[in-house]
Amino acid sequence: MSSEEALRERNQELEREIAKRQQAEEDLRQMQGFLASLLEHAPLSIYVTSADGRLRLVNRAWEEFQGVSREKAIGLQLEQIYPAAVARQYLEMNERVVDGAAPVIVEEIGDAPDGRHYFHTVKFPLQDASGEIEAVGGVSIDITERKQVEEALRKRNLDLEVFNRAARAFSSTLDVDQVLAIVLEEIRDALNVAACSVWLIDPDGGDLVCRQATGPERDMVRGWRLAPDKGIVGWVARHGESVVVPDTRADERHVTTVDQEIGFELRSILSVPLRATQGVMGAIQVLDTQIGRFTAADLALVEPLAATAAVAIENARLYEEANRLIAKLREALANIKTLKGLIPICASCKKIRTDEGFWQQVEVYIRDHSEVEFSHGLCPDCLKKLYPEFARDE
């Protein structure tokens, strides 16, 4: 091969090599573009923190959640972006990644203007060309919606457990006080509150009477009476509407003498009417010492419990009334054999006329109309008259 041909072949090899490198550079630029687009448009927060705790990279999702632009965030220490306790938690997690030279997976909580968010976070080591860990990368997926669904499901299951236990308990007894104690304990355990009480309307005077209570001063509260126009419980029983009071100091219906008597201030009240077939029979009150303690979810739990309790209370009352009627009937049956009223008797022979118009001997009539049996003998006067020889002289 001549030198000219060798040179031409060499030039062709160089051209092919240059084309390969140009294609490789183009592929690299495209890949970098893809990665930049992925980083920018991924619906999850991606970030890189250097070993000394400075932010080196963030994406758009991180900016949007944190409310800080990358121009301001890059180069800042974590303590300059997050509250001290949160920054310390993140730094400790980074140390775990570096020390273990392996990814760490955790669930994190972050607060945003629209409320609290939950994240599934993976942090992993990033190595330089020599294999040394120079930074920690992180990917955080917002799982707030999933957590909310899980919490709603957990709350629903808890409510169903409460309803099932209450239903079983209600069906196991017809004693009014036991029914009330059961429903109050279920509510107090489910909501973890300071106290609960049941107030029933006195059918005689119309006052509200605390029939059952739970909490520190339950023995003191039982038996208390309130006029029907007094207190939040009176309003609920009178109007038949549920009420959630976030702060009793701001509600003029609250009776402050109750707080004074029990020795501590009740700041939140949830009150639900007890509706029976004949109307409202009273109300359930759930009380706590914290402001804004009760939510719509708490009301959604107590209202169906109150409806079930009202039916159980009404059944228990009907059972008590039935027992009273049975006792009266038994007493009446016991008195059926007792002779009462006017009895027509012959003035001469002393026979008694029956309701059918027949005349009977006194002892026969009394025996038939009572539980009395007669034994016969002679009084001293009749003995002397009939058998003078056997009569003794007095």
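For segment 243-342, which GluC sites (Glu not before Pro) pass both filters: DSSP loop (anything but H, G, I, E, B) and at most 10 other C-beta atoms within 10 Å?
Glu252
What number comes out for the charge environment of Phe374, summing +1 per Lys or Arg and -1 per Asp or Glu over other residues with Cβ under 11 Å away? Walk me through the numbers before you get to the answer.
Numbers: positive: Arg367; negative: Glu363, Glu373.
Net local charge, Phe374 excluded: -1.
Quote the FRET efficiency, to the nearest 0.05, computed for Glu389 versus Arg324 with a Förster distance R0 of 56 Å and r equal to the Cβ-Cβ distance.
Values: r = 63 Å, r/R0 = 1.12.
Between Glu389 and Arg324 the formula returns 0.35.
Ranking Cys346, Cys196 by Cβ neighbours within 10 Å, fewest first, what do you get?
Final ranking by Cβ density, sparse to dense: Cys346, Cys196.
Assuming R0 = 41 Å, can you tell me the calculated FRET efficiency for the pair Asp204 and Arg249, based on Cβ-Cβ distance, to the nearest 0.05?
Details: r = 34 Å, r/R0 = 0.83.
Efficiency for this residue pair is about 0.75.
How do Val372, Val183 line up, fewest other C-beta atoms within 10 Å first? Don't skip to the answer; put the middle values down first.
Numbers: Val372 11, Val183 28.
By the 10 Å Cβ count, ascending: Val372, Val183.
Could you list the trypsin sites (Lys or Arg not before Pro) in segment 277-337 that lie in coil according to DSSP, counting only those with at most 11 other Cβ atoms within 10 Å of their Cβ?
Sparse-neighbourhood loop trypsin sites (Lys or Arg not before Pro): Lys337.
Anything over 29 Å Cα to Cα? Flag those among Lys350/Lys384; Lys123/Lys155; Lys230/Lys328, in the order listed.
Lys123/Lys155; Lys230/Lys328
Once the Cα atoms of helix 176-191 and of the chain are each reduced to a long axis, what angle between those two axes, in degrees from 0 to 90 to the nearest 10, is obtained?
That helix lies at roughly 10 degrees to the long axis.
Taking the structure as given and computing semi-axes √(5λ) of the Cα gyration tensor in Å, which label from (1) 96, 26, 18; (2) 33, 25, 19; (3) 42, 23, 21 fits?
Entry (1).
Using Cα springs under 10 Å in a Gaussian network model of the chain, which residue among Thr277, Thr144, Thr354 shows the largest mean-square fluctuation?
Comparing Thr277, Thr144, Thr354 in the GNM, the peak value goes to Thr354.
May I ask you to evaluate 6.51 cos²θ - 1.76 cosθ + 1.60, the Karplus curve with θ = phi - 60°, for each residue of segment 268-277 and list the ³J(HN,Hα) values in order in whole Hz, giving x for glycine and proline?
10, 9, 10, 10, 10, x, 9, 9, 10, 5
Treat each spin label as a single point 7 Å out from the Cα along the C-beta direction, and report the Arg222 to Val86 distance in nm.
For Arg222 paired with Val86, the spin-label model returns 5.0 nm.
Extension gain Ser242-Lys72, at 0.36 nm per residue separation less the Cα-Cα distance, in nm?
56.1 nm
Hey, could you grab the Kirkwood Rh for segment 149-322? Inverse mean 1/r over distinct alpha carbon pairs, Å, one decimal.
16.2
No value in this document is a laboratory result; all are computed from the given coordinates. Quick caveat, the model's predicted, so the values are computed rather than measured. For neighbour counting, all protein chains shown are included, and Cβ atoms are generated from backbone atoms with ideal geometry for every residue, glycine included.
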